[in-house]
Amino acid sequence: MTTERLRLVPLGPEHLEGTWVALQDPEVLRLTGTHASFTRDGVAAWLAGLSARDDRADWAILRAGDDEHIGEVVLNDPDADNRSAGFRIALGAPRWFGAGYGTEATRAVLAHAFTTLGLHRVELEVYAFNPRAQRAYEKAGFELEGRRRDALRWDGEWVDTLVMGCLSNVETQQED
């Protein structure tokens, strides 16, 4: 998939360095609620196995001008009966936040989900301490549907998870 500024390509072993760097960034880990620790070999094995998975589609987010790996975006947990899937995205470092890359990648994946895959619904969860991501999701067409109270324990504090959904009849290519 391509957009004005991005290329979304299947995530794989060739993206180990960018993925590994992102997993070392404390802010990326906080925004994704990641408590786990990873080994480089474990991440390499995970990336090597993604192409064989039929329960998810993972893409590396590359800047179109220089192919710099700036994050990843995923459709997961497909439900064929209900034509729905989960969504998640992670930009790999704070320097990529606030530039519209997340919204742009989200819109591209939603268009793919609804047009190519024929999904009716895509849903996600975002932590309440990440209003920037919530706004990016809203710009892409997601609506707030609910709240899971005290769903994450982070630095000794309980954090709510916001549940958002986007339906195929919602315009996902709207301008800011």
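Take GLU104 and tell me if it is at pLDDT 95 or above, crowded, with 18+ Cβ neighbours inside 10 Å, within 16 Å of GLU138 (Cα to Cα) and among the acidic types (Asp, Glu). The answer is yes for GLU104. Looking at region 106-123, can you tell me whether even one residue there is touching a helix residue (DSSP H, G or I) at 6+ places or on another chain (Cβ under 8 Å) and among the acidic types (Asp, Glu)? Scanning region 106-123 turns up no residue that is touching a helix residue (DSSP H, G or I) at 6+ places or on another chain (Cβ under 8 Å) and among the acidic types (Asp, Glu). Cβ separations smaller than 6 Å between residues 6+ apart or across chains give the following pairs from region 38-60 residues that are touching a residue at least 24 places away in the same chain (Cβ under 8 Å) to residues that are in a helix (DSSP H, G or I) and open to solvent by less than 30 Å² (accessible area, probe 1.4 Å): VAL43/THR19; ASP58/LEU50; ALA60/HIS15.
Going through region 50-77 one residue at a time, which ones are among the hydrophobic types (A, V, I, L, M, F, W, C) and open to solvent by less than 60 Å² (accessible area, probe 1.4 Å)? Of everything in region 50-77, those that are among the hydrophobic types (A, V, I, L, M, F, W, C) and open to solvent by less than 60 Å² (accessible area, probe 1.4 Å) turn out to be LEU50, ALA57, TRP59, ALA60, ILE61, LEU62, ALA64, ILE70, VAL73, VAL74, LEU75.
Being within 12 Å of the chain's Cα centre (by Cα) and open to solvent by 60 Å² or more (accessible area, probe 1.4 Å) holds for only one residue in ARG88, ARG83, ARG40, and it is ARG88.
Scanning region 112-127 for residues that are open to solvent by 30 Å² or more (accessible area, probe 1.4 Å) and either within 10 Å of the chain's Cα centre (by Cα) or more than 20 Å from ASP54 (Cα to Cα) (or both) yields a count of 2.
The values are calculated or read from the model by the stated rules, or taken from the named source; none is laboratory data. All of these numbers come straight from a predicted model, not from anything done at the bench. No Cβ is skipped: glycine too gets one built from the backbone with ideal geometry, and neighbour counts run over all protein chains shown. SASA here: full protein model, heavy atoms, side chains in, ligands and nucleic acids out. Shrake-Rupley method; radii C 1.70, N 1.55, O 1.52, S 1.80 Å.
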